[in-house]
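Here's the structure, in structure tokens; my notes come after.
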């Protein structure tokens with residue numbers, strides 16, 4: 001057998017594991033390079049009917065393909081990081097070299113202490129590269145990262161301001177979601193008022209009663225037929241967190257999310273040992289290195305990350321795999337821009353350790369219809385990733401030319 005025959009057999013064996021549609025697309029993909037990078041954002045959420053607070057990045061190639069990425073919420077700073085820090089390293093590169101690009105950008109930014117706007121910039125760029133690759137191959141991203149493990153992904157609702165106030169009428173929110181969307185899990189943050197009043201220093205009996213009131217209403221109305229996720233936005237010290245957790249135990253919430261500031265995992269471990277309720281940690285963390293420390297602390301029962309903050313889809317996949325190694329489920333944070341939800345849905349579709357995914361009723365019912373041709377909407381409590389190339393998020397053409405949009409460009 002000649003070397004040429006061996007290569008032919010190896011190529012044929014490889015392609016047998018690739019879907020037919022991908023095989024055809026693969027054969028058409030030629031060498032390409034990044035020629036232009038755009039950032040698009042709005043200075044204020046009031047500047048457009050879709051309540052924007054994100055930065056989009058568009059990566060253009062000489063083949064004519066365009067990938068969309070996203071991060072939030074400090075748009076001018078994130079745009080500056082993309083153009084000043086990342087664009088010089090990206091222009092002229094082959095966009096298919098996703099892992100190498102990620103590593104190059106991470107090491108570049110590490111000289112300025114990786115984190116903040118730099119990590120959010122990497123996240124947006126990484127998402128754009130995955131969207132671009134899917135479009136080049138004519139395949140949905142979930143097919144490129146393992147295939148369809150979950151045809152549908154269960155969601156809960158985060159109660160952004162919309163029709164009802166979760167402090168006073170949480171049962172109305174839940175009833176509407178059950179009846180119209182089949183969603184039977186809800187996230188509320190009723191202890192945040194006390195945290196602000198008390199400067200995050202202490203919690204009193206009256207504060208606890210105030211925070212428990214909407215939880216009681218939900219349990220009285222729906223019993224154990226619904227899940228209640230408790231969000232704390234890292235507002236509390238350890239002593240207060242233990243007191244709140246123990247007060248919540250009779251109501252059996254699904255989790256207690258981000259009670260302490262992230263990073264001090266010995267204290268999180270102490271909190272976990274002081275309550276029977278499981279902890280969910282943390283959308284605020286970025287990069288697999290922080291998540292290694294979290295999982296080694298044995299404090300979390302649910303691992304949460306945000307693909308627009310943690311390092312993009314590339315890093316989120318590694319964090320999800322790391323969690324699976326510790327036999328922990330993931331529950332991605334998606335209360336940001338629309339691409340965050342699309343990308344997270346592709347990730348959870350492909351992952352094999354998914355507990356539940358966040359969704360926001362206000363977004364898919366009120367905001368996204370103004371800007372997207374195909375908003376993802378829960379049905380019977382679940383969502384599905386679009387079977388379209390890339391992440392499959394179709395932005396209405398006029399949005400890119402919105403008069404209040406701030407557009408910046410770097411190009412070869």
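The values are calculated or read from the model by the stated rules, or taken from the named source; none is laboratory data. In this text, all values refer to a predicted model and were calculated from it rather than measured experimentally. Note: ideal-geometry Cβ built from the backbone for every residue, glycine included; neighbour counts use all protein chains shown.
Here is the figure for the range 197-218: residues that are surrounded by fewer than 16 Cβ atoms within 10 Å (Cβ to Cβ), assigned to a helix (DSSP H, G or I) and touching a residue at least 12 places away in the same chain (Cβ under 8 Å) total 2. When 377, 406, 307 are checked against the criterion of being outside the structural domain of residue 81 (by TED's automatic domain parsing) and over 17 Å from residue 128 (Cβ atoms), a single residue qualifies: 377. Condition test on residue 287, is it over 27 Å from residue 95 (Cα atoms) and at pLDDT below 95? It is false that residue 287 is over 27 Å from residue 95 (Cα atoms) and at pLDDT below 95. Restricting the range 99-140 to residues that are in contact (Cβ under 8 Å) with a residue 60 or more places away in the chain and at positive phi, which is surrounded by the most Cβ atoms within 10 Å (Cβ to Cβ)? Top of the filtered list is 138.
For the range 254-270, filtering for residues that are in a helix (DSSP H, G or I) and either surrounded by fewer than 20 Cβ atoms within 10 Å (Cβ to Cβ) or outside the structural domain of residue 343 (by TED's automatic domain parsing) (or both) leaves 4. Selection of the range 223-253 for residues being touching a residue at least 40 places away in the same chain (Cβ under 8 Å), closer than 17 Å to residue 201 by Cβ and surrounded by fewer than 22 Cβ atoms within 10 Å (Cβ to Cβ) yields 233, 234, 243.
Let's see how each residue does on (1) in contact (Cβ under 8 Å) with a residue 12 or more places away in the chain; (2) over 20 Å from the mean Cα position of the chain (by Cα); (3) part of a helix (DSSP H, G or I):
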site	(1), (2), (3)
142	yes, no, yes
150	yes, no, no
157	yes, no, no
175	yes, yes, yes
183	yes, no, no
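Scanning the range 256-281 for residues that are touching a strand residue (DSSP E or B) at 6+ places or on another chain (Cβ under 8 Å) and within 30 Å of residue 130 (Cα to Cα) returns 257, 258, 262, 280, 281. Among the numbered conditions (1) surrounded by 22 or more Cβ atoms within 10 Å (Cβ to Cβ); (2) within 27 Å of residue 118 (Cβ to Cβ), the only one that residue 385 does not meet is (2).
Applying the set (1) under 20 Å from the mean Cα position of the chain (by Cα); (2) in contact (Cβ under 8 Å) with a residue 60 or more places away in the chain; (3) surrounded by fewer than 22 Cβ atoms within 10 Å (Cβ to Cβ) to residue 96 leaves exactly one unmet item: (1). Within the range 286-311, being within 15 Å of residue 256 (Cα to Cα), in contact with a helix residue (DSSP H, G or I) (Cβ under 7 Å, 6 or more places away or on another chain) and not in a loop (DSSP other than H, G, I, E, B) holds for one residue alone: 303. For the range 219-234, a residue qualifies if it is in contact with a helix residue (DSSP H, G or I) (Cβ under 8 Å, 6 or more places away or on another chain), within 18 Å of residue 256 (Cα to Cα) and in a helix (DSSP H, G or I), and exactly one does: 219. Annotation note: of 166, 191, the sole residue that is within 18 Å of residue 220 (Cβ to Cβ) and crowded, with 18+ Cβ neighbours inside 10 Å is 166.
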